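A short worksheet on the structure shown next.
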Amino acid sequence: MDYDAQIAIQPELASGERILWAGRPAQGIQFRTSDILFAPFSLLWAGFAVFWEWNVIRMHAPFFFELWGLPFIAAGIYIVVGRFFFDASRRAKTFYAVTNERVVTLTKGRSTKLKSVNLRSMGAFTLRQGQGTRGTISFGEPSFPFASVYEGLANIPSVARRLPPVFEMIEDAKGVFERVLNAQRNLKSVGA
């Protein structure tokens, strides 16, 4: 159990609620499966933006056209490299917990983002695990198709709001998945 995650989540707990597991996502720059799709697109976008700007400057086009390309270059820099640093920064401030009543995700920053799902009413939840013990657990269904493609864009508020709570890139994902199942079973046996 991650001590820092326990400390961060503790103030968010209700009376009588206790932490069964606490953890954090993998830290540092990480690559996702969705990057296979985004890498060629991001390079194409950035390449075209630089090509446009270079030609506009070379042809001595009006100043407006020189300015027009700058936001596209900035967007290209973000999607080629910036998004990895932004994502690493977000994950550095993210904490997860399984309690005796719910699963909790907490992201601190300029504003605190707290998502939780009650174990009693929680619907389907899924485990995606690659090689090794690291994996991702999604609690609930996303509100739009192909949501897994957008995982790396969870920094964008309009995308993040539509994603269900997720324990992403956690160690011993299968063990945590089983803890959630056991906590759910315990609640149902107490309520029966």
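Please treat every number below as a calculation from the coordinates, not as lab data. Everything quoted here is computed from the prediction, not taken from an experiment. Neighbour counts run over all protein chains shown; Cβ positions are idealised from the backbone, glycine included.
Computed from the Kirkwood radius of its Cα pairs, the Stokes-Einstein diffusion coefficient for the range 35-88 at 4 °C and 1.567 mPa s stands at 111 µm²/s. Ordering Lys108, Lys115 by the number of other Cβ atoms within 10 Å of each residue's own Cβ, fewest first, gives Lys108, Lys115.
Proximity of backbone amide H atoms, modeled 1.01 Å from N, is registered between Leu119 and Arg102, Val103 at under 5 Å, excluding neighbours fewer than 5 places apart on the same chain. Just to confirm my numbers, what's the Cα centroid distance between the range 6-27 and the range 70-89 in Å? So the separation of the two Cα centres works out to 31 Å. For the chain, the convex hull spanned by the alpha carbon atoms encloses 131 Å³ per residue.
Residues considered: Met169, Met122, Met59. Largest GNM mean-square fluctuation over the chain, using C-alpha springs under 10 Å, is found at Met59. In summary, the lysines within cross-link reach of Lys115, defined as a Cα separation below 18 angstrom excluding same-chain residues under 8 places away, comprise Lys93.
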